[in-house]
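Each remark here refers to the structure printed beneath this line.
Any read-out appearing in this document is the output of simple, stated calculations on the displayed coordinates, not a laboratory observation. Keep in mind that this is a model prediction, so the values were computed, not measured. Here the Cβ positions follow ideal geometry from the backbone for every residue, glycine too, while neighbour counts run over all protein chains shown.
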Amino acid sequence: MRIACPHCGPRGVDEFSYLGDATVTRPTDPADLDGFAAYVHERRNPAGRHRELWQHALGCQSWLVVTRDTRTHAIEAVEAARDVALARAGGES
Ligand SMILES: [Zn+2]
């Protein structure tokens, strides 16, 4: 599998570290204990399209959101995690 880092170009997967599910979001209410338990412990294991966090550990160190089919390993999109977080927050900087 090759991942096209937005900064470095296509590289072998051995240069990247898998960091987890990119679809989970931290609860905004600190009193939401069930929400925090789910945020920390509960993960889906989808067969198909999935958004994952990867880091280009042996390259530019960037955190990336990779949209990948877990059955075929076909990569649909690679985005800088910073850009995804800013878009999710509704802001730019
Ligand atoms: Zn890179």
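Taking 7 Å steps out from each Cα toward its Cβ at Trp63 and Ala37 produces label points 2.6 nm apart.
The equivalent ellipsoid that matches the C-alpha gyration tensor of the range 2-89 spans semi-axes of 25, 15, 11 angstrom, in descending order.
Sites listed here are trypsin sites (Lys or Arg not before Pro) in the chain whose DSSP assignment is loop and whose Cβ has at most 12 other Cβ atoms within 10 Å: Arg43, Arg44, Arg71.
GNM on the chain, alpha-carbon springs under 10 angstrom: the most fluctuating residue among Asp34, Asp14, Asp83 is Asp34.
Helical content of the chain, expressed as a calculated mean residue ellipticity at 222 nm, amounts to -5500 deg cm²/dmol (DSSP H runs of 4 or more residues, -39,500 (n - 2.57) each, divided by residue number, nearest 500). The loop-placed GluC sites (Glu not before Pro) in the range 1-69, going by DSSP, that have at most 10 neighbouring Cβ atoms within 10 Å of their Cβ come out as Glu42. Taking Lys and Arg as +1 and Asp and Glu as -1, the other residues whose beta-carbon sits under 11 Å from that of Phe16 total -1. Among Gly35, Gly48, Gly20, the largest mean-square fluctuation in a Gaussian network model of the chain, built with springs joining Cα atoms closer than 10 Å, belongs to Gly35. A crude spin-label estimate for the pair Glu79 and Asp14, with each label 7 Å from Cα along the Cβ direction, gives 3.1 nm.
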